[in-house]
Amino acid sequence: MRLIIGSVAETERQSNNAETASGGGPLPGLLRPPIVFLAAILSGVGLNRVWPVPFVPSTLTLLGAFVTLCAVLLFVLSLREFRAAGTSVRGTERSTTIVRTGPYRFSRNPIYLSFILLLLGLSVWLNDLWLLVTLVPAVGFIAAVVIPREERFLERNFHDQYSSYKATVRRWL
């Protein structure tokens, strides 16, 4: 029994390595989306400490706090739907199903949308233009590299189910 489990685990590991090398499945190393957005936040805050560039009137800071709160709520709701569906949200683990409930009824990428809203909200709340500047390459990377990679994986592993979902739900909003 142990030998069979070991060989199945090794086969899955080899399959995941092949997927990663061929452009689908989990993202290796530091290319994970939370790290990309965290780097954007840290860069924006760091740049603001060196060279502050305010861009909104102080009366709008509450709007930034509200958008930040909405981003956190969207993230929590999205995470809850993944857990309810019994699949992992972690980029290092294989998806087992297409989630179509909750925020996923309106957007195929609500977690990425929550990260974008988080940076937008923080930029207004902290009056930090640099957060907007660092958001641009982060979103560019997610849109050009991460999402196409994930979509190839989903099309390959959930062809009909994902094609139907993709046809009815927008990528962002």
Legend entry - Residue that is nearest to Arg94 (Cα to Cα) [pool: residues in region 1-46 that are open to solvent by 70 Å² or more (accessible area, probe 1.4 Å) and at pLDDT 95 or above]: Leu38
Inset, instruction - State whether the residues of region 65-75 include one that is touching a residue at least 60 places away in the same chain (Cβ under 8 Å) and more than 15 Å from the chain's Cα centre (by Cα). - result: yes
Inset, instruction - Scan region 112-168 for residues that are among the aliphatic types (A, V, I, L, M), more than 30 Å from Asn48 (Cβ to Cβ) and touching a Ser or Thr at 6+ places or on another chain (Cβ under 9 Å) and report the count. - result: 1
Inset, instruction - Within region 76-89, track down each residue that is in contact (Cβ under 8 Å) with a residue 24 or more places away in the chain and either over 12 Å from the mean Cα position of the chain (by Cα) or surrounded by fewer than 20 Cβ atoms within 10 Å (Cβ to Cβ) (or both). - result: Leu77, Leu79
Legend entry - Number of the exception - Asp128 against (1) crowded, with 20+ Cβ neighbours inside 10 Å; (2) modelled with pLDDT under 95; (3) charged (D, E, K, R): (2)
Inset, instruction - Those residues that are touching a residue at least 60 places away in the same chain (Cβ under 8 Å), open to solvent by less than 40 Å² (accessible area, probe 1.4 Å) and under 25 Å from Leu135 (Cβ atoms), I need them from region 92-107; list them, please. - result: Tyr104, Ser107
Inset, instruction - Report, by residue number, each residue of region 131-162 that is over 19 Å from the mean Cα position of the chain (by Cα) and open to solvent by 50 Å² or more (accessible area, probe 1.4 Å). - result: Arg156, Asn157, His159, Asp160, Gln161
Inset, instruction - Collect the residues in region 59-74 that are within 28 Å of Thr97 (Cα to Cα) and open to solvent by 70 Å² or more (accessible area, probe 1.4 Å), keeping them in residue-number order. - result: Val72, Leu73
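The values are calculated or read from the model by the stated rules, or taken from the named source; none is laboratory data. This one's a predicted model, so the numbers in the text were calculated from it and none came from an experiment. Neighbour counts run over all protein chains shown; Cβ positions are idealised from the backbone, glycine included. Please note that ligands, DNA and RNA were not included when accessible areas were found on the heavy atoms of the full protein model with its side chains. Shrake-Rupley method; radii C 1.70, N 1.55, O 1.52, S 1.80 Å.
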